[in-house]
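Enquirer: After the structure tokens below, expect a handful of questions from me.
Every number here is computed from the coordinates shown, using simple stated rules; none is lab data. Keep in mind the model is a prediction, meaning the values are calculated, not measured. Cβ sites come from the backbone with ideal geometry, for glycine too, and all protein chains shown count toward neighbours.
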């Protein structure tokens with residue numbers, strides 16, 4: 001029996017549902033459990049002690065976990081972010097499967113569009129590096145949060161708004177063409193987009209694509225988007 005886990009400050013049920021449903025679908029003797037974590041160093045130590053086969057990392061630990069693992073793939077180094085760890089014989093190997101989710105949702109950007117990225121954490125920084133000069137990042141830490149209402153074509157929400165709480169990062173939605181929101185649950189930003197007839201791409205579209213890559217790392221089995229949609 002292989003045991004997989006996730007470490008998150010705010011553990012949810014999405015990963016447990018997708019992984020355990022897929023394990024059942026393909027008759028794999030594996031389990032996946034979401035755990036609360038306040039300190040990533042202690043969390044990784046716990047994973048080693050319980051002999052976890054692998055574990056996923058959620059905000060806000062995707063950067064801090066890098067110094068706790070032994071080897072990283074190039075996308076971890078490129079984006080300074082790791083969300084997937086797999087245990088090999090020679091140690092813990094880190095991967096960034098978020099890139100696959102980001103690449104998928106960014107295919108929806110209108111041509112030559114300008115982008116506002118909300119949040120300067122690991123996810124916001126990754127989108128910024130991919131988009132380069134097409135995007136500006138807004139956050140309280142950068143001191144420019146009040147300017148997030150600037151009328152760009154696209155907004156990408158990489159904050160805890162809609163994730164830790166249902167609140168929207170906007171009191172009033174600016175005039176945009178597309179919203180990409182990494183939050184999975186229904187929230188106020190989605191409602192604002194619907195009321196304004198603005199195209200909204202929710203976090204599930206992002207999650208499914210990164211999950212396919214993550215599942216392959218953990219199980220060495222390639223699955224399709226049809227497999228994911230079936231559960």
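Enquirer: What whole-number distance in Å separates the alpha-carbon centres of the stretch 169-229 and the stretch 76-153?
Expert: 14 Å
Enquirer: At each listed q (0.26 Å⁻¹), what is the log10 of I(q)/I(0) that the Debye formula gives for the stretch 84-161 modelled as equal alpha-carbon point scatterers?
Expert: For the requested q values the scattering log ratios are -1.27.
Enquirer: Could you check which residue among 120, 51, 153 shows the biggest mean-square fluctuation in a GNM of the chain with a 10 Å Cα cutoff?
Expert: Looking only at 120, 51, 153, the biggest GNM fluctuation is shown by 51.
Enquirer: To continue, here is another question. Which stretch or stretches of the stretch 1-36 have amide N atoms under 11 Å from the point lying 7 Å from residue 185's Cα along the Cα→Cβ direction?
Expert: Residues passing the 11 Å test: 11-14.
Enquirer: Kirkwood Rh over alpha-carbon pairs of the chain, then Stokes-Einstein at 20 °C and 1.002 mPa s: what D in µm² s⁻¹, rounded to an integer? Walk me through the intermediate numbers first.
Expert: Values: Rh = 18.3 Å.
Answer from the Stokes-Einstein relation: 117 µm²/s.
Enquirer: What share of all Cα pairs of the stretch 11-138, in percent, falls into each consecutive 5 Å distance bin?
Expert: Per 5 Å bin, starting at zero, the Cα-Cα P(r) for the stretch 11-138 comes out as 2, 9, 18, 19, 19, 15, 10, 6, 3, 0 percent.
Enquirer: Which of 134, 89, 209 moves most in a GNM of the chain, Cα contacts under 10 Å?
Expert: Result: 89 has the largest fluctuation of those listed.
Enquirer: Sticking with this structure for a sec: Pull out the extension gain between residue 77 and residue 13, defined as 0.36 nm times the separation in residues minus the alpha carbon to alpha carbon distance; nm, one decimal. Walk me through the numbers before you get to the answer.
Expert: Values: separation 64, 0.36 × 64 = 23.04 nm, distance 2.87 nm.
Roughly 20.2 nm would be gained on extension.
Enquirer: How much of the DSSP bridge set in the chain is antiparallel, in percent, rounded to the nearest 5? Please report the intermediate quantities before stating the final value.
Expert: Working: 8 of 37 bridges.
Restricted to the chain, the bridges split so that about 20 percent are antiparallel.
Enquirer: Comparing 60, 110, 174, which has the greatest mean-square fluctuation in the GNM of the chain with Cα pairs linked when under 10 Å apart?
Expert: Largest GNM mean-square fluctuation: 110.
Enquirer: Note the angle between two axes, namely the Cα long axis of helix 203-219 and the longest principal axis of the Cα atoms of the chain, as a number of degrees from 0 to 90, rounded to the nearest 10.
Expert: Relative to the chain, helix 203-219 is tipped by roughly 20 degrees.
Enquirer: In nm, to one decimal, how far is the modelled label at residue 147 from the one at residue 208, with both set 7 Å along Cα→Cβ?
Expert: With each label placed 7 Å out from Cα toward Cβ, I get 3.7 nm.
Enquirer: Could you tell me how many cubic angstrom of Cα convex hull volume the stretch 100-203 has per residue? Kindly include the intermediate steps, with their values, before the conclusion.
Expert: Details: hull volume 9.6 nm³, N = 104.
About 93 Å³ per residue, rounded to a whole number.
Enquirer: Please give, to one decimal in nm, the separation of the simple spin-label points placed at residue 25 and residue 1, each 7 Å out from Cα toward the Cβ.
Expert: 2.3 nm
Enquirer: Starting from one equal scatterer on each C-alpha and no solvent at all, send me the Debye-based log10 I(q)/I(0) for the stretch 1-85 at q = 0.13, 0.17 Å⁻¹, two decimals.
Expert: Log10 I(q)/I(0), no solvent term: -0.41, -0.69.
Enquirer: Still on this structure, please answer the following. Return the percentage of antiparallel bridges among DSSP beta bridges fully within the stretch 1-138, rounded to the nearest 5 %. Write down the numbers at each step before the final one.
Expert: Working: 8 of 25 bridges.
The antiparallel fraction comes to roughly 30 percent.
Enquirer: Next question. Testing the spin-label approximation: label points 7 Å from Cα along Cα→Cβ at residue 196 and residue 140. State their distance in nm.
Expert: 2.2 nm
Enquirer: Okay, next question. In degrees between 0 and 90, to the nearest 10, how far off the longest principal axis of the chain does helix 122-131 point, with axes built from Cα atoms?
Expert: Orientation of helix 122-131: about 60 degrees from the principal axis.
Enquirer: Enter the angle in degrees (range 0 to 90, nearest 10) between the Cα long axis of helix 14-25 and the first principal axis of the Cα atoms of the chain, meaning the one along which they spread out most.
Expert: 50 degrees
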